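Structure record follows, encoded as structure tokens.
The values are calculated or read from the model by the stated rules, or taken from the named source; none is laboratory data. Treat the numbers as computed from the prediction; the structure is a model and nothing was measured. The accessibility values were calculated without ligands, DNA or RNA, using every heavy atom of the protein model including side chains. Shrake-Rupley method; radii C 1.70, N 1.55, O 1.52, S 1.80 Å.
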Amino acid sequence: MRVLLVDDHPMVRRGIAGVLRDGLPATRLGEADSADEALARVAEEDWDVVLLDITLGEQSGLDVLERIHRERPRLPVLIVTAHPEEEFAVRCLRLGAAGYLEKDCTPAELLAAVRKVMAGGRFVSASLAERLASLLGGDLAGAPHEALSSRELQVLRLVARGRSAKQVADELGLSEKTVSTYRARIATKLGVSSAVDLTRYALAHKLVD
């Protein structure tokens, strides 16, 4: 079994690798510490599963997930992140993730998750399964940011990190006018009125570190 670990913290990668080697001795591991490296390795090599963090320095694992699902739809991606599931799990599953696991999980939970997604299943916690059932039944309104598109979430995270409209435009390859349009849409969806409010919202919901 070939597993690609994508995380920008070497110690985290080492810890996960140790769990996998102990529990699944035949595992062959690869590592990537950035979005660009992860996408390059997925394009150039064959993997059985990708373990992916959401936050990759200044980059977003959500973009990596979306690209992998679009280009390699049969490759299972298990999200392993410090972000609590109520913040990102539903979005990740919508983007094609095969499962969602928080980093404070036990080694047994990590191994169970890897085995399940490798077998073609989806791994979610009991609380997340209940949340998904409620969403399908229309009984639960998600957090406002769950209504944002992936691009809108990118813009929100950059604005919350103090980027100017020009810096956001340069980083995402957009025009400043387009960035301003995105910011207006985001503000409307989140019910806020200023960049300061956007930043406060992002910090309160742990959308940025």
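Would you mind classifying the stretch 1-114 by shape? Square roots of the alpha carbon gyration tensor eigenvalues, ordered a ≥ b ≥ c; an a/c under 1.5 is rounded, otherwise it is prolate if a/b is larger than b/c and oblate if not.
On the way: a/c = 1.36, a/b = 1.11, b/c = 1.23.
Cα axes put the stretch 1-114 in the rounded bin.
Using all alpha carbons of the chain, what is the percent of pairwise distances in each 10 Å bin, ordered from the shortest bin to the longest?
Histogram of Cα-Cα distances, whole percents per bin: 8, 34, 35, 19, 5, 0.
Return the aspartates and glutamates within reach of Lys166: Cα separation strictly under 15 angstrom, same-chain partners fewer than 8 residues apart disregarded; answer none if there are no such residues.
Glu176
Roughly what % of DSSP beta bridges within the stretch 52-209 run antiparallel, to the nearest 5? Working shown, then result.
Values: 2 of 8 bridges.
Approximately 25 percent, going by the DSSP bridge assignments.
Specify the angular offset, from 0 to 90 degrees and rounded to the nearest 10, of the alpha carbon long axis of helix 195-204 from the longest principal axis of the alpha carbons in the chain.
Long axis of 195-204 versus the principal axis of the chain: about 30 degrees.
So how tilted is helix 176-190 from the main axis of the chain? Cα-based, degrees 0 to 90, rounded to 10.
80 degrees
Kindly report the accessible area of the chain per residue (heavy atoms of protein chains, probe 1.4 Å, no ligands, DNA or RNA), in Å².
Numbers: 10220 Å² over 209 residues.
On a per-residue basis, 49 Å².
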